[in-house]
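Everything on this sheet refers to the single structure shown next.
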Amino acid sequence: MEYNFDQVHNYYERLVFEEVARRAHAPEYEDYTADMLADVACLSLNRLPARYVRHDVDMMFYLTEPERQAMQQALDEVMQFSFALVRERTARATR
C-alpha cells in the first residue's frame, strides 16, 4: 500500500504566513528582516493550536461563524504578541 500525506498540513500555516507577509509591508514593521519575519511566523505557529487538514476548504466548510471569528481573533492576538516579542528580543540582542 502506498501512502500519500503531501496534502496534509496545519491550517494555520497559510494564515500565519499570509498575515506576516501582509504586516511586513506596514510602516511599523518595515524594519523587520527576513530572519525576524521567519521568527515571527515560527513563534506564532507555536502559540496557535495545530489544526491539520488535507484541504483548506474542508476546514472552512465545517467551521461555524463564531469559530471563524475566534480563530481570527486568536490570529490577531498572536501576531501582535509575536511581532512585539521579536522586536524586543532583537533590540536586546543588539545592545
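Laboratory data are not the source of any read-out in this text; all were calculated from the coordinates shown. This structure is a prediction, so every number in the text was calculated from the model and none was measured. Quick reminder, even Gly has a Cβ in these numbers, built from the backbone with ideal geometry, and neighbours come from all protein chains shown.
Which residues does a label at Q73 reach in region 31-53, if reach means a backbone N under 16 Å from a point 7 Å past the Cα toward the Cβ?
49
What is region 9-93's relative contact order, in percent, from Cα pairs under 8 angstrom and six or more apart in sequence?
Relative CO of region 9-93 lands at 41 percent.
Calculate the dipole size of region 9-93 relative to its Cα centre from +1 charges on Lys and Arg beta carbons and -1 charges on Asp and Glu beta carbons; express the result in debye to the nearest 20.
The dipole magnitude comes to about 200 debye.
Do any trypsin sites (Lys or Arg not before Pro) in region 41-94 lie in a loop, going by DSSP, with at most 14 other beta-carbon atoms within 10 Å of their beta carbon, and if so which?
R51, R54
Relative to the first principal axis of the alpha-carbon coordinates of the chain, what is the inclination of helix 11-24, with its axis defined by its Cα atoms, in degrees from 0 to 90 and to the nearest 10?
30
Among V20, V53, V78, whose mean-square fluctuation peaks in a Gaussian network model of the chain (Cα, cutoff 10 Å)?
The residue with the greatest mean-square fluctuation here is V53.
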